[in-house]
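Participant: Here's a structure for you.
The values are calculated or read from the model by the stated rules, or taken from the named source; none is laboratory data. Since we're looking at a predicted model, the values are computed, not measured. Positions of Cβ are backbone-derived with ideal geometry, glycine not excepted, and every protein chain shown enters the neighbour counts.
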Amino acid sequence: MKKIAVLYILSNGRVAAINKKDGSIVWEIKLKTYVGKSLNYSIGQITVEDDKLYIGVTGILICLNTKDGSLVWLNELKGWGYGFVSIGNAGNESNGAQSMQNAQAAAVVATTVATTG
């Protein structure tokens, strides 16, 4: 099965995977399904790592499966209040290693072009 390139959106209490090629909705969920309360007027943030989609919204941190939006885990951040949740993704070592390899390869190409040109 061919993998579809998607982007993820959060709006009006819903999360969706959107097909990047044609804009169609691949899957969509209402966060209320997992949280038990409406998040229609909440502002949130999304980050993706491997097959996990992390959403911070209204004092809640949610982890969903990127394949279908199913709940992996939920942390209500008890005692943190209901403000904006900012997410910093520092543990994605595989992407960092790939970026380093790409930068090194580009430096080799640039050096080769400069010395042969």
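Participant: Of the residues T33, T47, only one is within 20 Å of V85 (Cα to Cα), of a type in the set (S, T, Y), at pLDDT below 95 and assigned to a strand (DSSP E or B); which?
Facilitator: Values: T33 fails: assigned to a strand (DSSP E or B).
Just a single option satisfies the conditions, and that option is T47.
Participant: For segment 4-32, which positions are among the polar types (S, T, N, Q) and either touching a strand residue (DSSP E or B) at 6+ places or on another chain (Cβ under 8 Å) or in contact (Cβ under 8 Å) with a residue 24 or more places away in the chain (or both)?
Facilitator: Within segment 4-32, the subset among the polar types (S, T, N, Q) is 11-12, 19, 24.
Correct list: N12, N19, S24.
Participant: Is there any pair with a first residue in segment 33-44 that is surrounded by 12 or more Cβ atoms within 10 Å (Cβ to Cβ) and a second that is at pLDDT below 75 whose Cβ atoms are under 9 Å apart and which are 6 or more apart or on different chains, and what are they?
Facilitator: Sorted first by the residue in segment 33-44, then by its partner, the pairs are S42/Y82; S42/F84; I43/F84; G44/F84; G44/V85.
Participant: Let me ask something else. Looking at (1) more than 14 Å from the chain's Cα centre (by Cα); (2) modelled with pLDDT of 95 or more, find the lone condition where L64 falls short.
Facilitator: Among (1) more than 14 Å from the chain's Cα centre (by Cα); (2) modelled with pLDDT of 95 or more, L64 violates only (1).
Participant: Filter segment 1-30 for residues that are assigned to a loop (DSSP other than H, G, I, E, B) and within 18 Å of L74 (Cα to Cα) and give the result.
Facilitator: First, the residues of segment 1-30 that are assigned to a loop (DSSP other than H, G, I, E, B): 1-5, 12-13, 20-24.
Of everything in segment 1-30, just one residue is assigned to a loop (DSSP other than H, G, I, E, B) and within 18 Å of L74 (Cα to Cα), namely G13.
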